[in-house]
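K.L.:
A single structure is presented below for examination.
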Amino acid sequence: MKNKELKILLASPRGFCAGVERAIEIVKKSITKYGAPVYVRHEIVHNKHVVDSLKKIGAIFVEEIEEIKDKSRPVIFSAHGVPKSVPVEAINNKMEYVDATCPLVSKVHREAENLNKNGYHIILIGHKNHPEVIGTMGQLPKGSIDLIQSEKDVQDYSYEGGKKIAYITQTTLSVDDTKNIIQELKKKFINIKEPTKEDICYATTNRQAAVKKIASECEMFFVIGSRNSSNSVRLVEVAKQSGCERSELIHSESEVPFDEIIKCSTIGISSGASAPEVLVEDFINQIKKKFEVKIEEVEIAKEDITFKVPGKLN
């Protein structure tokens, strides 16, 4: 089997985005500054490998602040953002907190608040129960923001409140699916206000564009990422929609499907924004054990964006 030749098209950019790198850095710097343990509310980013490596150096992950026994220890809020009630709860418990919300998610939060102040009723395009959606909806009073998940939701949606209407979006959605939902919204609400700058983040857009570029040339496509990572799951969908039906997510419990790969001459690989490059390398190394591999990296954009960590950690 060893000598079968296999071409790998490697999507670039892939893997960590600036918001994820900043969030991981915040946890590490917090442990350096405050000592272990530090608590993290919700997975800092949606990746088991990252979470496990941070647990090893003293991070303890909880879903809610009330689970934290020792309130003298600091708590970090995940990159996905939190409802307004969460920092309030930390303050009420006299807890030190560090907010690792991605600056691009914070931008959507501020946008929602400004629209609300200016008398708009807001529609959020996103996925129900995703922590980012919970955080964004939690910036505003109940009833002032509604969630839309699909074109059908738009068709079924009615608003009789008499306010002007605006929409915002989750940052990790499929660019194409969102475009269709927005078209439906604009048909239904002719004067709907749109974000001055696209809410879907640059990293999501770039990773999807890179997958689109190569998917049709591949017989199978693999996205390295976690099952609860919205942007990773979207990348699999994008690969399928762009011409590679046999696209799948490779997560922490996945086996490499060698018996399927052997039928291919070209496969594609990308990784979600919360997946470290070491996981891509591991996957490729497993394939190299069985195949003669030729790797071609296809880059569609250079990413040189970095986000600073909060000043109090320096």
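K.L.:
Find the residue count for the range 21-40, including only residues that are under 9 Å from Leu313 (Cβ atoms) and either assigned to a loop (DSSP other than H, G, I, E, B) or touching a Cys at 6+ places or on another chain (Cβ under 7 Å) (or both).
P.N.:
0
K.L.:
Related question: Val293 is checked against (1) among the β-branched types (Val, Ile, Thr); (2) part of a helix (DSSP H, G or I); (3) in contact with an Asp or Glu (Cβ under 9 Å, 6 or more places away or on another chain) and fails just one. What number does that condition carry?
P.N.:
Condition not satisfied by Val293: (2).
Per-residue answers, yes or no, for (1) among the hydrophobic types (A, V, I, L, M, F, W, C); (2) in contact with a His (Cβ under 8 Å, 6 or more places away or on another chain); (3) at pLDDT below 95:
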| residue | (1), (2), (3) |
| --- | --- |
| Lys187 | no, no, no |
| Glu194 | no, no, no |
| Lys197 | no, no, yes |
| Ala203 | yes, no, no |
| Gln208 | no, no, no |
| Val223 | yes, no, no |
| Ser226 | no, yes, no |
| Arg234 | no, no, no |
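K.L.:
Of everything in the range 238-264, what is out of contact with any strand residue (DSSP E or B) (no Cβ under 6 Å at 6 or more places or on another chain) and under 22 Å from Glu299 (Cβ atoms)? Give them in sequence order. Break it down stepwise before answering.
P.N.:
Looking only at the range 238-264, we keep the residues that are out of contact with any strand residue (DSSP E or B) (no Cβ under 6 Å at 6 or more places or on another chain), and these are 238, 241-243, 245, 248, 251-263.
Of everything in the range 238-264, those that are out of contact with any strand residue (DSSP E or B) (no Cβ under 6 Å at 6 or more places or on another chain) and under 22 Å from Glu299 (Cβ atoms) turn out to be Val238, Gln241, Ser242, Gly243.
K.L.:
Can you pull out every residue in the range 130-146 that is closer than 23 Å to Ala203 by Cβ and either of a type in the set (Phe, Trp, Tyr) or not in a loop (DSSP other than H, G, I, E, B) (or both)?
P.N.:
Residues satisfying the conditions are Pro131, Glu132, Val133, Ile134, Gly135, Thr136, Met137.
K.L.:
Additional query: For the range 184-197, which residues satisfy the criterion of being charged (D, E, K, R), farther than 17 Å from Ser150 by Cβ and either in contact with a strand residue (DSSP E or B) (Cβ under 8 Å, 6 or more places away or on another chain) or surrounded by 15 or more Cβ atoms within 10 Å (Cβ to Cβ) (or both)?
P.N.:
First, pick out the residues of the range 184-197 that are charged (D, E, K, R): 184, 186-188, 193-194, 197.
Okay, now just the ones that are also farther than 17 Å from Ser150 by Cβ, so 193-194, 197.
The answer is Lys193, Glu194.
K.L.:
Separate question: Any chance you could count how many residues in the range 229-286 are over 30 Å from Glu25 (Cα atoms) and of a type in the set (S, T, N, Q)?
P.N.:
Final tally of qualifying residues: 5.
K.L.:
Continuing with this model, one more query. Any idea which residue in the range 259-285 is nearest to Ser230 (Cα to Cα), counting only those that are free of Cβ contacts under 8 Å to residues at least 60 places away in the same chain and surrounded by 12 or more Cβ atoms within 10 Å (Cβ to Cβ)?
P.N.:
For the range 259-285, the residue satisfying everything is Asp282.
K.L.:
Which one of these is charged (D, E, K, R), within 17 Å of the chain's Cα centre (by Cα) and either closer than 20 Å to Tyr202 by Cβ or not assigned by TED's automatic domain parsing to the domain that holds Gly138 (or both): Arg41, Arg73?
P.N.:
Checking each option against the conditions leaves just Arg41.
K.L.:
Right, next: Run down Ser144, Ser216, Ser232, Ser158 and say which single residue is buried (at least 20 other Cβ atoms within 10 Å of the Cβ) and hydroxyl-bearing (Ser, Thr, Tyr).
P.N.:
Only one candidate passes the filter, namely Ser232.
K.L.:
Take the range 147-183 and flag every residue that is of a type in the set (A, V, I, L, M, F, W, C) and outside any loop (DSSP other than H, G, I, E, B).
P.N.:
Residues satisfying the conditions are Leu147, Ile148, Val154, Ile165, Ala166, Ile168, Val175, Ile181, Ile182.
K.L.:
Something else now. Only residues that are in contact (Cβ under 8 Å) with a residue 12 or more places away in the chain, within 15 Å of Phe16 (Cα to Cα) and of a type outside the set (D, E, K, R): list them for the range 34-54, please.
P.N.:
Within the range 34-54, Ile44, Val45, His46, Asn47, His49, Val50 meet the criteria.
K.L.:
I would also like to ask the following. Output the number of residues of the range 296-314 satisfying the condition of being closer than 20 Å to Lys212 by Cβ, β-branched (Val, Ile, Thr) and in a loop (DSSP other than H, G, I, E, B).
P.N.:
1
K.L.:
Right, next: Have a look at His109, His127 and point out the one that is assigned by TED's automatic domain parsing to the domain that holds Ile165, part of a loop (DSSP other than H, G, I, E, B), within 22 Å of the chain's Cα centre (by Cα) and touching a residue at least 24 places away in the same chain (Cβ under 8 Å). First the steps, then the outcome.
P.N.:
Working: His109 fails: part of a loop (DSSP other than H, G, I, E, B).
The conditions single out His127.
K.L.:
Also: Looking at Arg227 and the list (1) touching a residue at least 12 places away in the same chain (Cβ under 8 Å); (2) over 25 Å from His80 (Cβ atoms), which single condition is not satisfied?
P.N.:
So the condition that Arg227 fails would be (2).
K.L.:
Any residue at all in the range 231-252 that's outside the structural domain of Lys107 (by TED's automatic domain parsing) and over 30 Å from Asn180 (Cα atoms)?
P.N.:
Within the range 231-252, one or more residues are outside the structural domain of Lys107 (by TED's automatic domain parsing) and over 30 Å from Asn180 (Cα atoms).
The values are calculated or read from the model by the stated rules, or taken from the named source; none is laboratory data. These numbers come from a predicted model, not from an experiment. A quick note on method: Cβ atoms are made from the backbone with ideal geometry, for glycine too, and the neighbour counts reach across all protein chains shown.
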